[in-house]
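The values are calculated or read from the model by the stated rules, or taken from the named source; none is laboratory data. Owing to the predicted nature of the structure, the values given are computational and were not obtained by experimental measurement. Here Cβ is always computed from backbone atoms with ideal geometry, including for glycine, and neighbour counts include all displayed protein chains.
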Amino acid sequence: MAGEKEHRILEFVKQNAVSGDPQSVVDHIDKYCSQKEWAMNVGDEKGLILDKVFKETNPSLVLELGTYCGYSALRIAQLLKPSARFFTIEINPVNAAVARKMIEFAGLKDKIEILEGSTEHIIPRLRTDYGVVHVDFVFMDHFKDRYLVDTKLLEDCGLLKKGSVLLADNVVYPGAPDFLEYVRTSGCYDCTNYPAHVEYTDQPDALEKGCI
Ligand SMILES: O=c1[nH]cnc2c(O)cc(-c3ccc(F)cc3)cc12
Ligand SMILES: [Mg+2]
């Protein structure tokens, strides 16, 4: 049944983590997914890189593509300045439902707006439906074959401006070669690669940062 593992992760968190403590929730997701069942959270190693790049950016408007169970949303929401707004888009309704409960348990539901649907449908509506003018920080962690098309969609919708930062997970494994080629050669982005490993494994992976 789709979503069964994600419900087990949520149940483990609810039984073992401290309610209202986002770091406890993050730590317990890592504990479960490293010891019991692998799952595609950004994880602790790459999560620290996400934290570092996020803090360097100090964004006012944050967009995440691919919420999954809410792990990276919790890492981000812990670092948000009080005036910031944070949207995370999730296409899978089961994952979105688990993420809502995970985020509520962590006590951060007022900091995170989960938008359920496709990036293709939602990104063009961010301005009209949510009053988003520009996005300062985008964390891409969804379908790898959507990284490039969604980057171009963000550009075409006028949502990126000088200083906007894209940070993409999994640019080595599973990989996003067309996205990497584009951000590194378009002339619009100053790119940095952060070598790491696929969450909870020793399989090489990396994050790629693209700054406008
Ligand atoms: O599909 C994915 N979306 C977002 N993040 C992912 C992620 O961090 C890892 C993987 C993944 C990694 C190894 C493997 F053998 C199979 C899948 C997939 C996604
Ligand atoms: Mg990922």
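Some notes on this structure:
- Filter pass, THR128 being surrounded by fewer than 17 Cβ atoms within 10 Å (Cβ to Cβ), assigned to a strand (DSSP E or B) and away from ligand 1 (no atom under 15 Å from the Cβ): no
- Criterion applied to LEU148, LEU153, LEU207 was being under 19 Å from ALA77 (Cβ atoms), at pLDDT 95 or above and of a type in the set (A, V, I, L, M, F, W, C), and the one residue passing it is LEU207.
- When VAL135 is tested against (1) among the β-branched types (Val, Ile, Thr); (2) part of a helix (DSSP H, G or I); (3) crowded, with 21+ Cβ neighbours inside 10 Å, only condition (2) is not met.
- Across the stretch 171-207, the qualifying residues are those that are charged (D, E, K, R) and in a loop (DSSP other than H, G, I, E, B), and the one among them that is farthest from ligand 2 (Cβ to nearest atom) is ASP202.
- As a summary of the residue check, GLY210 satisfies the conditions (1) more than 16 Å from ligand 1 (Cβ to nearest atom); (2) under 19 Å from the mean Cα position of the chain (by Cα); (3) not aromatic (Phe, Trp, Tyr); (4) not in a strand (DSSP E or B) except for the one numbered (4).
- Summed over the stretch 192-211, residues that are free of Cβ contacts under 8 Å to residues at least 60 places away in the same chain, of a type in the set (D, E, K, R) and in contact with a strand residue (DSSP E or B) (Cβ under 8 Å, 6 or more places away or on another chain) total 1.
- From the options PHE105, PHE139, residue that is of a type in the set (Phe, Trp, Tyr), within 23 Å of GLN15 (Cα to Cα) and in contact with a Ser or Thr (Cβ under 7 Å, 6 or more places away or on another chain): PHE105
- Residues (under 30 Å from PRO124 (Cβ atoms) and either away from ligand 1 (no atom under 16 Å from the Cβ) or charged (D, E, K, R) (or both)) located in the stretch 29-50: LYS46
- Taken over the stretch 126-147, the residue count meeting the criterion of being more than 16 Å from ligand 2 (Cβ to nearest atom) and either within 18 Å of ASP178 (Cβ to Cβ) or not aliphatic (A, V, I, L, M) (or both) is 8.
- Qualifying residues in the stretch 54-78 (those that are without any contact (Cβ under 8 Å) to a residue 60 or more places away in the chain and within 14 Å of LEU207 (Cβ to Cβ)) - the one farthest from ligand 2 (Cβ to nearest atom): GLU56
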